[in-house]
There are 2 protein chains.
Amino acid sequence: MSATFHVDARAGRARSGRLLTPHGTVETPVFMPVGTVASVKGVPQDLLEDLGAQIILGNTYHLYLRPGVETVRKLGGLHGFMSWPRAILTDSGGFQVFSLNELRKVAEAGVTFRSHLDGSSHVFTSESATQAQIGLGADIIMAFDECTEYPADQARTRASMELSLRWAERSKKHFEEHGREVPWGSGSSFQLPASSRPPGKHETGNRAGGGARATHLGTAALGRAGAAVPTFAEQTQSLFGIVQGGMDRALRKESAERTIEIGFSGYAIGGLSVGEPRALTREIVESTLEHLPAGKPRYLMGVGTPEEIVEYASLGVDMMDCVLPTRAARHGLLFTSEGRVSIKQARYAQDAGPLDPNCCCRVCRRYSRAYLRHLYASNEVLAQVLNTIHNLSFYLDLMARVRHSIQLGEESRFLSSVWSRSKP
Amino acid sequence: MSATFHVDARAGRARSGRLLTPHGTVETPVFMPVGTVASVKGVPQDLLEDLGAQIILGNTYHLYLRPGVETVRKLGGLHGFMSWPRAILTDSGGFQVFSLNELRKVAEAGVTFRSHLDGSSHVFTSESATQAQIGLGADIIMAFDECTEYPADQARTRASMELSLRWAERSKKHFEEHGREVPWGSGSSFQLPASSRPPGKHETGNRAGGGARATHLGTAALGRAGAAVPTFAEQTQSLFGIVQGGMDRALRKESAERTIEIGFSGYAIGGLSVGEPRALTREIVESTLEHLPAGKPRYLMGVGTPEEIVEYASLGVDMMDCVLPTRAARHGLLFTSEGRVSIKQARYAQDAGPLDPNCCCRVCRRYSRAYLRHLYASNEVLAQVLNTIHNLSFYLDLMARVRHSIQLGEESRFLSSVWSRSKP
């Protein structure tokens with residue numbers, strides 16, 4: 001396994017720790033901003049670094065369709081392609097295949113689906129989805145799974161879970177055979193001596209065509225201030241398994257146990273936030289966590305609101321991702337310490353105050369609500385840029401406070417410190 | 001007059017100098033990025049500062065319609081509203097009234113036009129357009145004029161020119177009576193002692209509602225690194241006159257002489273780039289410049305390509321503005337030292353090199369052509385952000401090199417150093 005995980009502190013069921021990846025340390029619990037097609041929408045990478053993002057997420061389904069895995073691989077993997085020197089996680093493509101394709105066909109071998117871009121037909125199998133993720137070169141990649149729809153009866157849920165388990169085994173087998181083909185790993189042809197590798201150097205496309213161009217990207221990454229220092233223990237990716245089992249606690253337990261038996265570097269809880277009530281999500285998360293090993297990172301996929309991510313962290317979740325902060329920003333919905341702000345409202349048209357008086361992001365330090373409201377009302381691109389920066393700052397700062405509370409052993413304190421109700 | 005102008009060096013007809021405004025020194029010849037509705041589309045203000053923009057342009061027509069002059073004025077004028085501590089110039093609204101309104105009605109009193117946003121009816125007169133610009137509070141504001149259409153016969157051109165001259169006189173009269181109502185000027189109620197005014201402090205909305213909110217904006221502006229140190233000689237705006245006269249050299253001469261007779265802090269050449277051939281533009285610019293006073297800034301409105309702005313600087317133009325770098329960026333057309341790059345082209349899909357190997361903007365330092373091409377092809381907002389940053393950097397760096405050449409007395413050198421032909 002390449003990424004290693006250390007739990008440093010506990011408070012109740014919550015824990016804080018460090019996930020050491022080939023592209024830097026990730027402090028947990030962590031919220032991972034979503035960069036669907038190799039871009040966290042509207043935010044330049046240097047600003048994302050300034051926000052303190054230590055890991056971002058890319059979507060294999062989208063990247064596979066455009067620009068294509070081979071293009072990304074040749075340019076050094078996602079790190080080189082998008083010039084992001086810190087950690088990256090890619091999903092397996094399974095969730096998008098299910099959520100974006102009504103005409104998909106699921107078979108034992110894999111899933112046939114149509115591109116949402118041009119209607120062309122494609123197949124993802126455990127092997128091809130894993131191979132795509134090796135080419136994309138994220139630090140953490142995910143086993144291919146079927147995301148069970150909601151609602152689903154017990155028989156359907158079990159069949160889907162069994163399929164995901166067989167696919168998990170095949171994903172792991174393929175990864176064991178091909179994992180060292182990662183564009184930046186120790187299996188690649190070009191290697192600096194371990195002792196002389198500077199921070200950020202190794203990730204920048206030593207297969208990117210060589211010579212001046214690779215040097216360009218290398219220099220760019222080297223030149224970045226604030227990049228985390230990677231750990232070089234093992235220059236390979238890590239494969240995480242995904243627990244399924246729908247809304248059935250017994251099936252979740254069985255899925256967890258059998259996924260652990262296959263053996264992965266970390267374990268995700270998938271198949272939630274698919275339309276079920278939030279109380280049920282929480283119940284399944286809580287019961288599934290009991291069956292996951294304490295020494296491995298636990299990743300809850302696709303959640304949530306500020307309140308939810310704090311709550312899940314309190315239950316012992318280590319990693320989360322969600323499009324909510326970035327997508328809400330595009331719709332003018334902003335998270336603040338005083339509650340949610342719908343910046344389009346006329347009440348903010350002459351409001352000279354900062355968006356969030358308790359936030360020190362570059363947006364709150366500089367701009368007024370009136371200006372943000374004006375940008376949104378005028379459909380200016382800067383609205384999306386600034387709104388996204390603020391919302392991500394809010395999420396990342398929130399998780400930093402959660403980690404701090406856990407380190408202080410104060411379980412309850414951070415739970416009561418979160419407000420994101422509607423502004424009164 | 002509040003802005004003062006010093007010519008420091010000459011090379012042929014070109015000159016370099018400093019325009020001292022209430023919001024900092026502007027080195028000339030200068031290219032002014034266009035921030036139509038209080039935003040240079042897609043670029044946060046701190047990045048614009050990093051690019052070295054010393055002055056930006058706002059459009060009175062657009063700002064008058066949305067968010068409205070009174071809103072901007074209450075929030076400290078444009079400087080406070082958009083949190084931009086450096087110099088700003090607003091146009092008079094005349095050009096947009098003419099270019100965006102086919103149903104406009106011109107009378108002696110002013111122009112009746114319909115909003116392009118909602119069709120509502122509005123009137124701009126010399127007085128109201130000037131008053132709007134006082135409320136917006138730019139450092140440099142423009143007399144209200146009629147932009148003569150192209151082509152136009154001699155009689156029509158003369159009539160239009162005469163109207164602009166009468167409007168110029170009325171604009172000046174209104175400005176003399178009301179200019180001290182500027183939101184940040186020495187006529188405003190709140191004043192720091194001259195000796196204690198820190199850089200950036202004075203511009204931040206001392207009429208912005210007072211108390212904590214004004215302090216918020218004030219602190220934000222104070223906190224910005226790299227803001228130019230304002231000069232406080234006179235805390236008022238400057239009014240520039242606009243020379244019209246169509247494509248008729250004699251009328252241009254007459255317009256220049258009679259505009260100078262009215263007396264302004266600077267003189268603009270308007271009514272060009274309205275569809276005439278480029279050779280004619282140059283001819284009119286060159287002949288008009290002969291009649292403008294050497295000791296005042298000369299502003300050529302609405303030009304141009306990189307080659308053109310260098311050429312006009314060589315003829316003795318001090319200030320220029322154009323939407324080209326920002327608009328072209330949105331269409332994937334990028335200016336580089338090796339020629340123009342249409343980043344959407346498939347040839348760049350796997351190009352790991354920087355956009356411009358001779359550019360050290362944050363885009364060229366960090367990202368590959370392949371990545372920029374991918375962002376554009378994927379319709380990602382980051383494409384517009386990065387493309388705009390690069391194009392503005394190219395324009396601003398180009399003008400910095402022009403100034404340097406003039407200071408070295410090398411007239412011809414900078415002319416030959418510009419390439420923006422299509423990349424071979």
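Considering only DSSP states other than H, G, I, E and B, which GluC sites (Glu not before Pro) in the range B:73-158 qualify as loop sites with at most 12 other Cβ atoms within 10 Å?
Numbers: sites: B:GLU102, B:GLU108, B:GLU127, B:GLU146, B:GLU149; in loops: B:GLU102, B:GLU108, B:GLU146, B:GLU149.
Passing sites in the range B:73-158 are B:GLU102, B:GLU108.
Could you tell me which of A:ALA9, A:ALA129, A:GLY52 has its Cα farthest along the dipole of the range A:1-134 towards the positive end, charges placed at Cβ (Lys, Arg +1; Asp, Glu -1), taken about the Cα centre?
Of A:ALA9, A:ALA129, A:GLY52, it is A:ALA9.
What percent do you get for the relative contact order of the range B:291-417 when only Cα pairs under 8 Å and 6+ apart count?
About 23 percent, as a whole number.
With r defined as the distance between the Cβ atoms of B:SER120 and B:VAL323 and R0 fixed at 30 Å, what FRET efficiency is calculated, to the nearest 0.05? Can you show the working numbers first?
Working: r = 25 Å, r/R0 = 0.82.
Taking R0 as 30 Å, the efficiency between B:SER120 and B:VAL323 is 0.75.
What FRET efficiency comes out for A:GLU149 versus A:LYS344 if R0 is 30 angstrom and r is the Cβ-Cβ distance? Round to the nearest 0.05. Intermediate results must be reported in sequence, preceding the final value.
On the way: r = 34 Å, r/R0 = 1.13.
Approximately 0.35, to the nearest 0.05.
Can you pull the mean other chain C-beta count within 10 Å for peptide A:37-46?
Mean number of neighbouring Cβ atoms from other chains: 6.
About the Cα centre of the range B:103-145, what is the dipole size in debye to 20, counting +1 per Lys and Arg Cβ and -1 per Asp and Glu Cβ, all else neutral?
Roughly 220 debye, rounded to the nearest 20.
Roughly how large is the A-B contact in terms of buried accessible area, totalled over both chains, probe 1.4 Å, nearest 100 Å²?
Approximately 4300 Å², summed over both chains.
Using only protein heavy atoms and a 1.4 Å probe, report how much of A:ARG104 is accessible, in Å² to the nearest 10.
80
Once the piece of chain linking A:GLU108 and A:LYS253 is laid out straight, how much longer is it, given 0.36 nm per residue of separation minus the C-alpha distance between them?
Contour length minus Cα-Cα distance gives 49.9 nm.
What is the local net charge at B:ASP397, summed over the other residues whose Cβ is closer than 12 Å to its Cβ (Lys, Arg +1; Asp, Glu -1)?
That sum, taken over residues with Cβ under 12 Å, equals +1.
Over the range B:328-377, what is the relative contact order in percent, taking alpha-carbon pairs closer than 8 angstrom and at least six residues apart?
Here the relative contact order equals 34 percent.
Which GluC sites (Glu not before Pro) does the range A:268-325 hold that lie in a coil by DSSP with at most 11 other beta carbons within 10 Å?
Sites meeting the loop and neighbour criteria: none at all.
Ignoring ligands, DNA and RNA, what accessible area per residue does the range B:282-390 give at 1.4 Å, in Å²? Provide the component values of the computation, followed by the final result.
Details: 3110 Å² over 109 residues.
It amounts to 29 Å² per residue over the range B:282-390.
Shielding by partners for A:82-93, please: the mean number of other protein chain Cβ atoms within 10 Å of each residue's Cβ.
1
Under 8 Å for C-alpha pairs, at least 6 residues apart: give me the relative contact order for the range B:58-132, rounded to a whole percent. Walk me through the intermediate numbers first.
Details: 75 pairs, mean separation 20.1, N = 75.
Rounded, it is 27 percent for the range B:58-132.
Provide a whole-number value for the mean count of partner chain Cβ atoms within 10 Å of the Cβ atoms in peptide B:368-380.
So the per-residue partner count for this stretch is 6.
With a 1.4 Å probe and every protein chain left in place, tell me how much accessible area A:HIS6 has, in Å² to the nearest 10.
Roughly 80 Å² of A:HIS6 is accessible to a 1.4 Å probe.
Efficiency by 1/(1 + (r/R0)^6): what FRET value for B:LEU408 and B:ASN358, r their Cβ-Cβ distance, R0 = 22 Å, to the nearest 0.05?
0.70
Report the accessible area of B:ARG180, computed with a 1.4 Å probe over the heavy atoms of all protein chains in place, in Å² rounded to the nearest 10.
Roll a 1.4 Å probe over it and B:ARG180 shows about 140 Å².
Dipole of the range A:297-356 (Lys/Arg Cβ +1, Asp/Glu Cβ -1, origin at the Cα centre): which of A:GLN350, A:THR336, A:LEU324 lies farthest to the positive side?
Projecting each Cα onto the dipole axis, the largest value belongs to A:GLN350.
Show A:ARG73, A:ARG18 ordered by accessible area, largest first, where the area counts protein heavy atoms only and the probe is 1.4 Å.
Highest to lowest solvent-accessible surface, that is A:ARG18, A:ARG73.
So which aspartates and glutamates pass the test for A:LYS344, namely a Cα distance under 14 Å, with those fewer than 8 places away in the same chain ruled out?
Of all the aspartates and glutamates, those that pass the test against A:LYS344 - Cα under 14 Å, at least 8 places apart if same chain - are A:GLU380.
Taking the Cα centre of the range A:258-339 as origin, sum charge times position over the Cβ atoms of Lys and Arg (+1) and Asp and Glu (-1), and report the length of that vector in debye to the nearest 20.
Value, rounded to 20: 280 debye.
Report, in debye and to the nearest 20, how large the dipole of the range A:1-138 comes out about its Cα centre when Lys and Arg carry +1 and Asp and Glu carry -1 on their Cβ.
200
Using the Karplus equation 6.51 cos²θ - 1.76 cosθ + 1.60 (θ = phi - 60°), what ³J(HN,Hα) coupling, rounded to whole Hz, does each residue of the range B:376-383 give in order, writing x for Gly and Pro?
Those phi angles translate into 5, 5, 8, 6, 7, 4, 4, 4 Hz.
Obtain the nm distance between the two label points defined at A:LEU100 and A:ARG166 by a simple spin-label model: each point lies 7 Å from its Cα along the Cα-to-C-beta direction.
2.7
The values are calculated or read from the model by the stated rules, or taken from the named source; none is laboratory data. It should be emphasised that the depicted structure is a prediction, and the values quoted were computed from it without experimental measurement. Here Cβ is always computed from backbone atoms with ideal geometry, including for glycine, and neighbour counts include all displayed protein chains. Note: accessible area is taken over every heavy atom of the protein model, side chains too, but ligands, DNA and RNA are not part of it. Shrake-Rupley method; radii C 1.70, N 1.55, O 1.52, S 1.80 Å.
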